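All remarks here apply to the structure that follows.
The values are calculated or read from the model by the stated rules, or taken from the named source; none is laboratory data. A quick note: this is a predicted structure, and the numbers were derived from the prediction, not measured. Methodologically, a virtual Cβ is constructed for each residue, glycine included, from the backbone with ideal geometry; neighbour enumeration extends over all protein chains shown. Remember, those area values only see protein heavy atoms, side chains included, never the ligands or the DNA or RNA. Shrake-Rupley method; radii C 1.70, N 1.55, O 1.52, S 1.80 Å.
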Amino acid sequence: MADIKIDSKVFQERISHFINAWKADKRSGDALFAGASSIVILMGKVTDQNPEFHKNNAMHFWLLGYEFPTTLMLLTLDNIFILTTQKKAKYLDQVKGGRFPVEVLVRGKDAAENEKLFIKITDAIKAAGKKVGVLSKDNSKGPFIDEWKKCFSDNCKDAEEVDISQAMSASAFSVKDETELRAMRTSSKACVALLTPYFLDEMSNILDQDKKIKHSALADKVYNKLEDDKFWKTVELPNRQKLPPDFDPEQLDWILGPIVQSGGKFDLKWQADSDNDVLHPGIIIAAMGLRYKSYCSQIARTFMVDPNKSQESNYKFLLAVHNLILKEIRDGVIVKDVYAKAHSLIKSKKPDLEKHFLKNVGYGIGLENKDPTLILNSKNSRALKDGMTLCITTGFSDIQNPTPQDKSSKVYSLVLTDTVRVTGGEPVVFTGEAPVDVDATSFFFKDEEEAQPTPKKEKRDSRVGAVATKNITSTRLRSERNTTVDEDAEKKRRVHQKELALKKQKEGLAKYAESTADENGVEIKKFKRFESYKRDNQFPPKVRDMAIVIDQKNATVVLPVMGRPVPFHINTIKNASKSDEGDWSFLRVNFLSPGQGVGRKDDQPFEDASAHFVRSLTFKSKDGDRYAEISNIILTMKKDALKKEQEKKDMEDVVEQDKLVEIRNRRPAVLDNVFIRPAMEGKRVPGKVEIHQNGIRYQSPLSTTQRVDILFSNVRHLFFQPCQHELIVIIHIHLKDPIIIGNKKKTKDVQFYREATDIQFDETGNRKRKYRYGDEDEFEAEQEERRRRAELDRLFKGFAEKIAEAGRNESIEVDMPLRDLGFHGVPFRSNVYIQPTTECLIQVTEPPFMVITLEDIEVAHLERVQFGLKNFDLVFIFKDFTRAPYHINTIPVESLEDVKEFLDSSDIAFSEGPLNLNWSVIMKTVTANTHQFFVDGGWGFLQNDSDDDDEEPESEESAFEIDESELEEASESSEEDSDFDSNASAEASDDASDDDEEEGEDWDELEAKAKKRDRESGHDEEEERAASKKKQRKR
């Protein structure tokens, strides 16, 4: 204890915070502290047998940063007394002299003097009040504790002891500051590092090599790794990150396990250590907990070796329950409501697992490895607060295995444990780097052995050669080979899509309530007013001549009407035309007025229903040239006005960025020799990109004024696309609000790229080829190309990560396209390769760029999906219904299943149909009254046809039986294709209606009538002659 340094500033801040909470509780009715006027914290003799931290230990660590055994603390509203030994008192003197008074009392070996000190403490308790707060479950032991208890019982007989465990949890331990949270985060990362990769790799090697190892031996391997400094320096987490540079492994200590369980014996309360049973390949559970700088974290994962379908299904459901609990945890939520939602999900989806569900879903964690006042069960009414840290444990214990492999597999348990931080929104999962999905936690060893049974010799057709036999395929066309559908996956996808469609319908009804129906439509058109002059004296002087005056400065045409000059703003004029009749020339000026019905642009609203509007004015004169000049000037002014209005409209969503704060004290990170798209004005030359304090800057070498600044606050997505399969390597930035580059149009996408191919040398004219007749130079060139591409990828990826690191306060992350999941399509005019990322669907190789954020999508619709077509179209409808739907056309039908799988995995509801829809009309209907649209079924109209086709009939019918709907369609199509005229069809319909009234004839009667008609027409005689000729030939 030679280097103990207590942070007196932290001590004063925390004790003041605690006392203020205590005083606030007294003012509000003593609900939390139970009316305690003083609080006693006891610490007895520390033993290594029970390393658990309770609230008395936690109070020492929270206030002082260290644990001081054989010490008594007395807290009152005015001061604090600390009674301890002389050696410890030297260190505790560091907290004296602050705003909150602290008195340190020193014990010695004199029993009489020690008793006087205890009496001084009891007198302070009596002076403070009758109620004294204690920790009721405190199990501190030792001679010091015994002496105090005897003195307290003798001198404080009237004092009433009240439990203040929950008050200490709520006011001191549960809500953590940034320093505490940093320690929690580091502790969690250390847990992840030991579980994945270390434990996971060890377990995988043991199972792969079919070794026998005891649970305790495997746990000891993990336990001893805590002392391996080299491991902590080199270990990489699953997300490829390393532990913080200031990480100190000396500060780590075990609080749980490590525990390894398998073979049907599971204890999800973690009360027993790992036993000596051999690791059983089946369900394997690993759990562990660490303490770093006194702050605890826990993690547990379930690993499945050759699981059956029931186990996989139950694990997926466990994951769904776990995610639901994480989703519900946020500031202000009552603890019992979290448990109730998880329980209700189990009851509704899998009621057979209800009895196996754990009695709680976690507890508070921090300085204590388990806060008993913050258990997440069905009875706790405590509210969660921002800054709390919880250990979330979701599990099912002792589930019966329907198809056990052996006697050790009859019963199994499933569990997931994560350490999380409560926030105002979704919680931060500190142990989230350790994967939990089925693919990452499942291991299959038997499949590898059983996948290659002894091949049976196929019967070979003697007519077919050996080479030909290999090339015979089950399909005729190449396009058929990649379009096979997994029926099971299709069924699951259909169920998931119905859930998503129902969810969208509910969200739509909730979002667009009836009360806000008027606000959901398009913007209400208003009658526009334009002002040419505010006063009479602003008129041009020429108006006195009572002639037509063009005032281009004020964008006005002054026309003489009834002997007065009347100004008309150019925006009120539709057009002007000049015509000649004889000696006279006529000038007609047409005005924009409501009710013309010419087009959408001219659709002006009526402000006053009884108002009258001038549609046009006509003037005549013999000066035809002047009228032609006036007409041309008006048309030019009209074009200029429309151009200005369009530019103003385009610039509406352009936000003026704040100024870029440059780095002055050091050189900024630079990526040199890169091009920018959209390109700057002038000659195309490479520039450089610099990272500054609040954004990045692209600087052209041509001029200091030619630069583009992008602030981190305006960055929505940051992409890095490697040059693999491409000619360029790209850093692409998609912005929240558009910016202007140079004097060009606005853009929401800015890209920095460099060409990956080196074409500065002529391969055919290379000098080396004169002397080298082999392919060595080509091999060298290919290797050089690969090396150059890899170096470019490394350089650009590293710079993109630096951008993300500099903009971490704006939550900027680098996203990379997943090329394997991409597909070809035509979003604009050219066929391009479109690739999904974690949050988007992008095409950034060729301009114009395409970046669609998945969370902005309401639904997707697949058009032209029908048998025989080689392509289909994809339409995205956005949550902002005023935004036009986005079309990706001519996607190859081979990509249909991949596109469906991508949409379904991204939780995007989609539908499909055989035809292209008129989306402008559909969106008009949606925006006109959005509430009514969702009341009428919302997007269900897109799904109706496909749903009807997918549903199986309730009763089995013949494959050749035609139902009524098909019969009606057939009759309609036959009528449409009929060659008869309208009169004939009308007569036929009349005959049919008459026949319907009578009873229908049977087949015999109809056949007899047909023969009669044939005889009348002579068909029978011809048939008889033909039959007799055939008989004669046979003879």
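Brief remarks on what is shown
- Search result, residues across the stretch 380-398 that are open to solvent by less than 10 Å² (accessible area, probe 1.4 Å), outside any loop (DSSP other than H, G, I, E, B) and of a type in the set (A, V, I, L, M, F, W, C): Met388, Leu390, Cys391, Ile392, Phe396
- Contact map, the stretch 108-133: first residue farther than 20 Å from Asp146 by Cα, second residue open to solvent by 70 Å² or more (accessible area, probe 1.4 Å), Cβ cut-off under 7 Å, separation 6 or more or different chains; pairs are Lys130/Asp158; Lys130/Glu160; Lys131/Glu160.
- Filter result for Thr302 (within 30 Å of Thr403 (Cβ to Cβ) and hydroxyl-bearing (Ser, Thr, Tyr)): yes
- Taking the criterion of being of a type outside the set (A, V, I, L, M) and open to solvent by 30 Å² or more (accessible area, probe 1.4 Å), the residues of the stretch 898-920 that qualify are Asp898, Glu901, Ser905, Ser906, Asp907, Glu912, Pro914, Asn916, Asn918, Ser920.
- For Ser216, the stated conditions hold: it is part of a helix (DSSP H, G or I), surrounded by fewer than 18 Cβ atoms within 10 Å (Cβ to Cβ) and of a type in the set (S, T, N, Q).
- From Ser958, Ser895, residue being open to solvent by 60 Å² or more (accessible area, probe 1.4 Å), more than 20 Å from Lys498 (Cα to Cα), at pLDDT below 95 and of a type in the set (Gly, Ala, Ser): Ser958
- Residue that is surrounded by the most Cβ atoms within 10 Å (Cβ to Cβ), among those in the stretch 550-589 that are part of a loop (DSSP other than H, G, I, E, B) and of a type in the set (Gly, Ala, Ser): Ala555
- Counting only strands (runs of 3 or more DSSP E) that sit completely within the stretch 788-889, those holding 1 or more residues that are farther than 18 Å from Ile908 by Cα and without any contact (Cβ under 8 Å) to a residue 60 or more places away in the chain correspond to 832-836, 840-843, 850-853, 871-878.
- Qualifying residues in the stretch 503-549 (those that are modelled with pLDDT under 70 and in a helix (DSSP H, G or I)) - the one surrounded by the most Cβ atoms within 10 Å (Cβ to Cβ): Asn520
- Within the stretch 363-408, the only residue that satisfies the criterion of being modelled with pLDDT under 90 and among the hydrophobic types (A, V, I, L, M, F, W, C) is Leu367.
- Scanning the stretch 864-892 for residues that are charged (D, E, K, R) and at pLDDT 95 or above turns up just one, Asp873.
- Pairs, first within 19 Å of Gln721 (Cα to Cα) and among the acidic types (Asp, Glu) in the stretch 738-767, second at pLDDT below 90 and assigned to a strand (DSSP E or B), C-beta under 6 Å, six or more apart: none
- Of the residues making up the stretch 898-913, just one is part of a loop (DSSP other than H, G, I, E, B) and polar (S, T, N, Q), namely Ser906.
Listed here are the residues, each with its yes/no results for (1) assigned to a helix (DSSP H, G or I); (2) out of contact with any Asp or Glu (no Cβ under 6 Å at 6 or more places or on another chain); (3) loosely packed, with under 15 Cβ neighbours inside 10 Å.
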site: Asp201; (1), (2), (3): yes, yes, yes
site: Asn205; (1), (2), (3): yes, yes, yes
site: Asp210; (1), (2), (3): no, yes, yes
site: Asp220; (1), (2), (3): yes, yes, yes
site: Tyr223; (1), (2), (3): yes, yes, no
site: Glu236; (1), (2), (3): no, yes, yes
site: Asn239; (1), (2), (3): no, no, yes
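- Being under 24 Å from Asp898 (Cβ atoms), surrounded by fewer than 19 Cβ atoms within 10 Å (Cβ to Cβ) and at pLDDT below 90 holds for only one residue in Arg786, Arg829, Arg808, Arg819, and it is Arg829.
- One residue alone among Leu32, Leu42 is in a loop (DSSP other than H, G, I, E, B) and in contact (Cβ under 8 Å) with a residue 60 or more places away in the chain, and that residue is Leu32.
- Residues in the stretch 411-435 that are surrounded by fewer than 19 Cβ atoms within 10 Å (Cβ to Cβ) and either closer than 19 Å to Leu318 by Cβ or polar (S, T, N, Q) (or both): Val411, Thr423, Val429, Gly432, Pro435.
- Every listed requirement among (1) of a type outside the set (D, E, K, R); (2) out of contact with any Lys or Arg (no Cβ under 6 Å at 6 or more places or on another chain); (3) modelled with pLDDT of 90 or more is met by Pro238 save one, (3).
- The set of residues from the stretch 218-234 being among the aliphatic types (A, V, I, L, M) and under 17 Å from Met203 (Cα atoms) comprises Leu218, Ala219, Val222.
- Among the residues of the stretch 325-338, at least one is modelled with pLDDT under 95, among the small types (Gly, Ala, Ser) and over 25 Å from His215 (Cα atoms).
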